[in-house]
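Working notes, structure below.
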Amino acid sequence: MKQATAMMSLLLATALGAPLAAHAQHGLDHGPGPGLRMEGPGAGLPPFLRGVQLSEAQQDKVFAATYAQAPLLREQQKIAFKAHEQLRELASSNHYDDAKAVALANGAAQAMAKISLQHARLEQQLLAVLTPEQRQQAEARTAQHGEQASRP
């Protein structure tokens, strides 16, 4: 039973680690913010807004909203990463404690949930800045990207 619980904790740690690693890599590739680039077409825009023509005022609102969330996201990323790291160390140690492993896994999961919720809130905030025509452009772009991702 203890092995099954340890295996579940390890699987959970692995599942939590993949999004963290992907998000960390994404941040390194695209500059200081989540999914942001600092140069070129669509610079500074989340992916679903690239290709949508925004006024300068809209760009300013997108910038302000995106960068306002950065401290919260950074804090939650640090919490999740730290909990994942501690869980990995605990799983490979001679002093495994299942209750501690569960607490660490839950802490990492809560941090990831807060990150996901913040991303959803930001998307809604950004969509509110758009005109109906721009929303249609963003939705079409998202649908097109989804089709491309599902192709073999």
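The values are calculated or read from the model by the stated rules, or taken from the named source; none is laboratory data. These numbers were taken from a predicted model, which means no experiment stands behind them. Every residue, glycine among them, receives a Cβ derived from its backbone with ideal geometry; neighbour counts consider all protein chains shown. Surface areas here come from the heavy atoms of the whole protein model, side chains and all, with no ligands, DNA or RNA. Shrake-Rupley method; radii C 1.70, N 1.55, O 1.52, S 1.80 Å.
In summary, residue 66 fulfils each of the numbered conditions (1) under 27 Å from residue 48 (Cα atoms); (2) modelled with pLDDT of 95 or more; (3) surrounded by 14 or more Cβ atoms within 10 Å (Cβ to Cβ); (4) among the polar types (S, T, N, Q) with the single exception of condition (2).
Evaluation of residue 93 against the conditions (1) assigned to a helix (DSSP H, G or I); (2) at pLDDT 90 or above shows that the sole unmet condition is (1). Scanning segment 122-136 for residues that are touching a residue at least 12 places away in the same chain (Cβ under 8 Å) and in a helix (DSSP H, G or I) yields 122, 123, 125, 126, 129, 134. Of all residues in segment 117-134, one or more are of a type in the set (S, T, N, Q), within 30 Å of residue 52 (Cβ to Cβ) and crowded, with 17+ Cβ neighbours inside 10 Å. Checked against (1) in a helix (DSSP H, G or I); (2) open to solvent by less than 20 Å² (accessible area, probe 1.4 Å); (3) not charged (D, E, K, R), residue 52 passes all but a single condition, namely (1).
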